[in-house]
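Below is one structure, written out as structure tokens; comments come after it.
The values are calculated or read from the model by the stated rules, or taken from the named source; none is laboratory data. These numbers were taken from a predicted model, which means no experiment stands behind them. Neighbour counts are summed over all protein chains in view; Cβ atoms, including those assigned to glycine, are modelled from backbone coordinates with ideal geometry.
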Amino acid sequence: MPATWLVLIVLALSAIGYVLGRQRALQNAGGDSRALHSLPSYYGWHVALMALVPATGLLAVWLIAQPLLVENTIAGQLPDSAIPESSTRSLVMSDVRRVADGLDLAVSQGAMTRDDAATLRSEFTQVRERLAEVGVALGSDVNAAVLSAAQDYRSMSRVGNLMMTIAVLAIAALGFVYALSRTDRDFRARNVVEQGIRALLVAAASVAVLTTLGIVLSLIFNTLEFFKLYSAWDFFFGTTWAPSFGGGSELGVLPLLWGTFYISLIALLVAVPIGLFSAVYLSEYAPGKVRSVAKPLLEVLAGIPTIVYGLFALLTVGPLLVQIFGDDGVGIMQASTAVMTAGLVMGIMLIPFVSSLSDDIINAVPQAMRDGSYGLGATKSETVRQVILPAALPGIVGAILLAASRAIGETMIVVLGAGAAARLSMNPFDAMTTVTAKIVSQLTGDADFASAEALVAFALGMTLFVLTLGLNVFALFIVRKYREQYE
Amino acid sequence: MYDAPSLERNVDQKEIKFSARNVQVYYGDTHAIKDVTVEIEDNTVTAFIGPSGCGKSTFLRCLNRMNDTIDVCRVEGDIRLDGEDIYDKRVDPVQLRAKVGMVFQKPNPFPKSIYDNVAYGPRIHGLARSKAELDEIVETALRRGAIWDEVKDRLDAPGTGLSGGQQQRLCIARAVATAPEVLLMDEPCSALDPIATAQVEELIDELRQSYSVIIVTHSMQQAARVSQKTAFFHLGHLVEFGETGQIFTNPVDERTESYITGRIG
Amino acid sequence: MTDASLPENSAAAPAHRSLNTVDARTRKRNRAEARFRAYGIAAVATGLVFLVILLGSILFNGVGAFQQTFIKVPVYLDPAKLDKSGERDIEAIKKVSTFGYTPLIQQGLFDVVQAAGIETPLAKPGDMKQMISPSAAAQVRDTVIENPDLIGQTVDFRILASSRVDGYLKDRVFREDVVRDKNIDVEHLDIVDGLVAAGIVVKEFNLTFITGADASESRPEQAGLGVSILGSFFMMLVVLALSLPIGVAASIYLEEFAPKNRFTDLIEVNISNLAAVPSIVFGILGLAVFIQFAHLPQSAPLVGGLTLTLMTLPTIVISTRASLKSVPPSIRDAALGVGASKMQAVFHHVLPMAMPGILTGTIIGLAQALGETAPLLLIGMVGYIATNYPDGLASGFMDPNSAMPAQIFEWAKRADPAYYERAWGGIIILLVFLMTMNIIAIILRRRFERRW
């Protein structure tokens, strides 16, 4: 039974539970709701939640655990002889999965009967052709071991699914009956329900932790997998980036890091002066009307999706720069995709980021500081430069670090605007590439996920994650320290 | 010690420093100061007293045009410093504020070293031609602020690290360093403990030798202790202005009397 | 305290000067002041100029996509070609592929050119091919299959012109460049000029761009954003259905119930850091967890929605907590004071009062998710050509689709400049959606803003 149906059945059960629980409580109190400990609806909710929550929880856990279990069992049973020399167990397993999925599809489309699928022998049938008929493309022909593994995979999954259905329904029914049996006029339904809801709230709050855990685990596992295939030393200290899907790739991260930093640097050189001066002007000088118009307008820049900036870099800024610095002009720019193109556009994107963060920080400097300075006869600019900015400095440094972390993690602008060539060059008009751009290009190709060329993306992601996380933690630390100073 | 002002209170005519005539101040639609006329003498401590919100601080901030920094504030009437209209178009408030220094309610040292705090004013106004001269100005100002002995060994320490009373005396030294002719003090002791208050009050009395000092205060005792002249403000009006002794012992207006005896305020 | 009685005329005391004369130093300082102020104005102005250039180039380049060049051609639906048996048997008619229709259309256009009296060296109907979109044949065929009785008649069709003709009318394709272009010749452009004069070739509003499906690389004139708008829509449904309840529940717990301990500290730090994790990392997470691990289908809006949910959650949690915080404690006290449980106080009083703020934050989070592209690249929503409308809900969530920003990216990568115009046009549509969402958020905020 598919999970959707299970969920629907459990939902229906819990709805019935609500009605019955409420009724039973009322009956027990002789129809007088004042005689109950809690409001009648709490009794209903009690039964409904008891039927629903444990069952769906079990379902979720089962759905995650079963494929893992099946996978490991099948992979363990796979004879070593079934693994070709050039391949790995995980590669063969992905074949097994694909065949199994293909068989499922074939059965569901009626191209094969259930028994056919279970008893198929590769010696007699062209499995590849038959699966191709239903739209499942296989890379190579299916050998006997893979086919039988796939059939085992299917049968284990089927057994698992059956067990899951039974278990989930049983738990739901059990919760239903148990909750209903406890329902009487003195039962503290409200307290129990509130505890349950509280548990749900905690679960929701834990999603954030789970997300981080998911990020960290998926990065770590795949990165370790990558380092089994490719030396970590060569990755971190290699100066050449030349992936080739045929093998013999050179996957040094240094050129990518250089491109990332170079582009981020240019972006910050654009965004920081403009953003900072805007913030100073808007918070210290601008008349109320100007501020109320200019501030939201600048913030529009922050609301524009990065794909728009990417297109802007590729189709507007790039060609413009080529006209000036290209062969017809200064002659130092070959193509419209370049470090300068991406950096400039990223800088524009970061202006509102820097300016609104700095604005907050400048406004947090107490008015008494300004009064003190004006009272001594300082002009506004003297006050800003010698009192406000030094006082706000830690906060502004934090803001710039946050902007830098944004720049390092930005993807679309560099994918479209920076080019694809990884090189260590000083010329800002050369095309270079970044960590993020390469994550995209390594994972969107047709490469197998198990190859070093695809797995390197996870190592790049890990690098990126550590870099930006470090910057963020450091920046937030500085900003928080700074806030405490004035609170 | 605190009886000293009453002994020294003399009647010989001093030079008029500030003269205000028919001053009106508006905050947006609120009429905060209503038709105030007052003359303030040199080398005198003048106290502004009155209940909260009576306009005494507002009026004080008119005297060095600090109200300019508030957008909605509008000042009408005539305020003259040494006979010159300070709201004249030709007057640069920056120059005015160098002449009329100000000390605020809460000590507000800049997040800089003690030295830099005091040197800030002389630096921006270009009062020193050399480092040695600046050192001298700073030392003089700190001595006048009666804090030199406490900080002379740690001029590089941050000003924010001092105690509240020290901070306020540092702020006074900072104000003195620009060589002002008038010192405005907006409740300078309200954030201080009694001991620090006594130190600052003593300092104020000494500053009278060199400056015209105007002090806004909540505390009638403080006004009686430090000032020679007292102005009583009520609901934006200047109700009564005269010798401090006379105001506290023999007020003319009954509102003044009510306030002094504690019936309003 | 003898310090104070120093001589009057110390080094600091300047000579008495009038206030009415501004001294040289003050003038210099005021000039510095003016300069500094000018820098500030220049910075704000630069920012605003960038905004204007950005929006200007979007509009300038994108508006063209909403217009398309059409040719009005009467086509004689020749029974000899389309229904050889003459029995009007629908199965037989269906057997005729689009190749059977192409000559009829070309003939029709050729006749029109002749009738309009345009002189041209192109003497064969087949020479008209370059002016007609390859989609025209399918359009005519669909019409015929829908209504077989039309066979034998001459029917007026409004067919798409080829993208080169379209580009010529939109000043994208120039006569000088055409010499090197094997897709069209100068002679065709002469014909187009004549037909434009005769009102047969017209530029009209192109609804298909908004509602239509993506087309193959060679037919930019046919491509539309409709299917990927649906893809985005289904994704946003997933995001809304998951991130709103989870986000609100998490915020309520952290703001109202959480004890101050290590676990809640961990969650707090986590959320503020997750908000700053690059979106591409969420893409990696989506790929690893939903596709590699859970084996959900690639390119499915469901996966996109799940990934974006994880990305949007921190934003929603942060804004929800802010609006919960803005409800004054007196409200909670009042509810607790009449004997409500803490849970009741929160759900009956605090939550409804914080609702406008929560909704505003959610809409802004959704807008962010709607425009996000990078994670979608990794879970395969780019590169997939979205040509089929989803049939039904399940298919909408599970079948491969694209999404608005992914489709724009896809178009931007294609070689034909005709697709650039489409990409810019797509951006206009995307920005209209985002603007609408933000305006709703602003109105909500204005309308329900409460100051305590």
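Just a few scattered comments:
- Checking each residue in region B:221-232 for being out of contact with any strand residue (DSSP E or B) (no Cβ under 6 Å at 6 or more places or on another chain) and touching a residue at least 24 places away in the same chain (Cβ under 8 Å) picks out B:222, B:224, B:225.
- Restricting region B:41-63 to residues that are in a loop (DSSP other than H, G, I, E, B) and touching a Ser or Thr at 6+ places or on another chain (Cβ under 8 Å), the residue that is farthest from the other protein chains (Cβ to nearest Cβ): B:44
- Helices (runs of 4 or more DSSP H) fully within region C:91-186 that include at least 2 residues being among the hydroxyl-bearing types (Ser, Thr, Tyr): C:98-115, C:135-146, C:163-169.
- Given (1) under 28 Å from the mean Cα position of the chain (by Cα); (2) within 11 Å of another protein chain (Cβ to nearest Cβ), index of the condition residue C:347 fails: (1)
- Of residues in region A:391-433 being in a helix (DSSP H, G or I) and not aliphatic (A, V, I, L, M), the one nearest to residue A:475 (Cα to Cα): A:398
- On inspection, residue C:423 does not qualify as touching a Ser or Thr at 6+ places or on another chain (Cβ under 7 Å), assigned to a helix (DSSP H, G or I), buried (at least 18 other Cβ atoms within 10 Å of the Cβ) and in the same structural domain as residue C:239 (by TED's automatic domain parsing).
- Cross-chain or 6+ apart pairs with Cβ under 6 Å, region A:171-198 first and more than 14 Å from every other protein chain (Cβ to nearest Cβ), then outside any helix (DSSP H, G or I) and of a type in the set (Val, Ile, Thr): none
- Selection within region A:201-238 - at the interface with another protein chain (Cβ under 7 Å from one of its Cβ atoms) and surrounded by fewer than 17 Cβ atoms within 10 Å (Cβ to Cβ): A:209
- Only residues that are surrounded by fewer than 21 Cβ atoms within 10 Å (Cβ to Cβ) and among the small types (Gly, Ala, Ser) were counted in region C:293-318, giving 1.
- Within region A:239-275, the set of residues being among the β-branched types (Val, Ile, Thr), over 11 Å from residue A:422 (Cα atoms) and crowded, with 23+ Cβ neighbours inside 10 Å comprises A:263, A:274.
- Subset of region B:108-152 [of a type outside the set (A, V, I, L, M), assigned to a loop (DSSP other than H, G, I, E, B) and within 9 Å of chain C (Cβ to nearest Cβ)]: B:126, B:145
- Test: residue in region B:64-81 that is of a type outside the set (Ser, Thr, Tyr), without any contact (Cβ under 8 Å) to a residue 12 or more places away in the chain and within 14 Å of chain A (Cβ to nearest Cβ): yes
- Members of region B:230-251 that are exposed (fewer than 14 other Cβ atoms within 10 Å of the Cβ) and of a type in the set (Val, Ile, Thr): B:249
- Close pairs (8 angstrom Cβ cut-off, 6 or more residues apart or separate chains): assigned by TED's automatic domain parsing to the domain that holds residue C:140 in region C:80-99, of a type in the set (Phe, Trp, Tyr) and surrounded by 15 or more Cβ atoms within 10 Å (Cβ to Cβ) anywhere: C:82/C:101
- Among the conditions (1) outside any helix (DSSP H, G or I); (2) modelled with pLDDT of 90 or more, residue A:185 misses just one, which is (2).
- Considering residues of region C:199-230 that are of a type in the set (S, T, N, Q) and more than 18 Å from residue C:433 (Cβ to Cβ) only, the residue farthest from the chain's Cα centre (by Cα): C:218
- Note on region A:281-298: residues that are surrounded by 15 or more Cβ atoms within 10 Å (Cβ to Cβ) and either outside any helix (DSSP H, G or I) or among the β-branched types (Val, Ile, Thr) (or both) total 1.
- Matching residues, region A:434-472, being assigned to a helix (DSSP H, G or I) and either at positive phi or not hydrophobic (A, V, I, L, M, F, W, C) (or both): A:436, A:438, A:441, A:442, A:444, A:453, A:461, A:463, A:468, A:470, A:472
- Selection status of residue C:406, in the same structural domain as residue C:442 (by TED's automatic domain parsing), buried (at least 19 other Cβ atoms within 10 Å of the Cβ), touching a Ser or Thr at 6+ places or on another chain (Cβ under 8 Å) and farther than 30 Å from residue C:296 by Cβ: no
- Leading residue by the ranking (nearest to the other protein chains (Cβ to nearest Cβ)) among those in region C:18-38 that are within 30 Å of residue A:349 (Cβ to Cβ) and either buried (at least 17 other Cβ atoms within 10 Å of the Cβ) or over 38 Å from the mean Cα position of the chain (by Cα) (or both): C:36
- Residue in region C:38-56 that is outside any strand (DSSP E or B), within 29 Å of residue C:432 (Cβ to Cβ) and touching a residue at least 60 places away in the same chain (Cβ under 8 Å) present: no
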